[in-house]
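Below: the structure, in structure tokens.
The values are calculated or read from the model by the stated rules, or taken from the named source; none is laboratory data. Note that this is a predicted model, so its numbers are computed, not measured. So basically every Cβ, Gly included, is an ideal-geometry build from the backbone, and we count neighbours across all protein chains shown.
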Amino acid sequence: MLKNWSEFMRAQTALILILFCSPAYAGQTVIATWYGQELAGNRTASGERFNPNGLTAAHRSLPFGTCLRVSNPKTGRSVTVRVNDRGPFTRGVSLDLSHGAARAIGMRVTQSVIVERC
């Protein structure tokens, strides 16, 4: 329980720092992978049908509809994607891109990418 206004403000400031220092906000490097034709037409966690050629992504906790800018440091290319699914469920991997998004940034294998919120 917070006892006074200054304690409340410190807690609120800490929360804001946590939110804005997460990978989706701070342009941090994360491990990403991609998925494609094997799931084409299946329903995503948001309820829409998965289009492997679309510019979408799966993230464990970001709200559906969140816009992310994903950059490939190896190619210098970036793409804007929309979170429409949950995952990835592989330890150490933070983001699953649709095949279309991975292709747009020249990503062929699981690798480090830079993620920023749009």
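Can you work out which of the residues in segment 87-108 that are touching a residue at least 60 places away in the same chain (Cβ under 8 Å) and assigned to a loop (DSSP other than H, G, I, E, B) is farthest from Gly41 (Cα to Cα)?
Gly92
What residue, among those in segment 35-49 that are at negative phi, at pLDDT below 95 and of a type outside the set (Asp, Glu), is surrounded by the most Cβ atoms within 10 Å (Cβ to Cβ)?
Step by step, filter segment 35-49, then rank; the result is Tyr35.
Quick check: anything in segment 83-90 loosely packed, with under 13 Cβ neighbours inside 10 Å and at pLDDT below 95?
Yes: segment 83-90 contains one or more residues that are loosely packed, with under 13 Cβ neighbours inside 10 Å and at pLDDT below 95.
I'd like the full set of residues that are of a type in the set (D, E, K, R) and over 17 Å from Val30 (Cβ atoms), limited to segment 43-79.
Of everything in segment 43-79, those that are of a type in the set (D, E, K, R) and over 17 Å from Val30 (Cβ atoms) turn out to be Arg43, Glu48, Arg49.
Among the residues of segment 45-76 satisfying the criterion of being among the hydroxyl-bearing types (Ser, Thr, Tyr) and touching a residue at least 12 places away in the same chain (Cβ under 8 Å), which is nearest to Ser98 (Cα to Cα)?
Thr56
Cβ-Cβ distance below 8 Å, separation of 6 or more or different chains: which pairs start in segment 25-44 with a residue that is without any contact (Cβ under 8 Å) to a residue 12 or more places away in the chain and end on one that is surrounded by 15 or more Cβ atoms within 10 Å (Cβ to Cβ) and part of a loop (DSSP other than H, G, I, E, B)?
Gly41/Phe50; Asn42/Phe50; Arg43/Phe50
With the requirement that a residue be in contact with a Lys or Arg (Cβ under 7 Å, 6 or more places away or on another chain) and in a loop (DSSP other than H, G, I, E, B), what does segment 67-86 give you?
Arg86
Take the conditions of a type in the set (A, V, I, L, M, F, W, C), more than 13 Å from Val115 (Cα to Cα), surrounded by 14 or more Cβ atoms within 10 Å (Cβ to Cβ) and at pLDDT 95 or above and apply them to Leu55. Does it pass?
The answer is yes for Leu55.
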